[in-house]
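I have placed the structure first, in the form of structure tokens, so that the comments after it can refer back to it.
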Amino acid sequence: MSLRTVSLFSLSMLLSGAALSHEYKAGDIAIAHPHARATVPGQPAAAAYIGLDNAGKAGDKLVGASSPVAKSVEIHTMSMDNNVMRMREVKAIELAPGAKISMKPGDGYHLMLLGLTKELKAGDKFPMTLVFEKFGPLEVSVSVDAPKPKAEAAAAMPAEHDHQH
């Protein structure tokens, strides 16, 4: 292989990795990998997940979100309490200097898409506007991932669970 071929291959791999990660910036706050899981027809709600990393010297807050695929989007937190899943809406996520939030299924924060207006299909993308207290609105593109296999999802849940808002 020539040096030129190796260089072009390396450059293309670097660029494709950057394109797949789809990161955004809201001032000093990096927003990483907005994604949601695919839904089934008629499913009324879904969750979306992002990573937030405040590399700045000033704090900010994620105070809201909206998307044309849902009637409303709420910021939620989820926790387990004596094998009972508890989910509740929060008004904002504080992003102090140096704060890192990694939203993931089954733990901590997520963006709840309520009143879905369409099915979320694996491989699709949809827009979502994140609203920060100081930075203001920022539109991101949310990638829809394939749903977890049932066996994997069941293994992730406690043997006895309940879902309460």
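Only lysines eight or more places from LYS134 in sequence, or on another chain, were considered; those with a Cα closer than 19 Å are LYS25, LYS57, LYS61, LYS91, LYS100. Estimated at 0.36 nm per residue, the fully extended path between ALA146 and VAL90 surpasses their Cα-Cα distance by 17.4 nm.
Bear in mind that the values in this text are calculations on the coordinates, not laboratory data. Keep in mind the model is a prediction, meaning the values are calculated, not measured.
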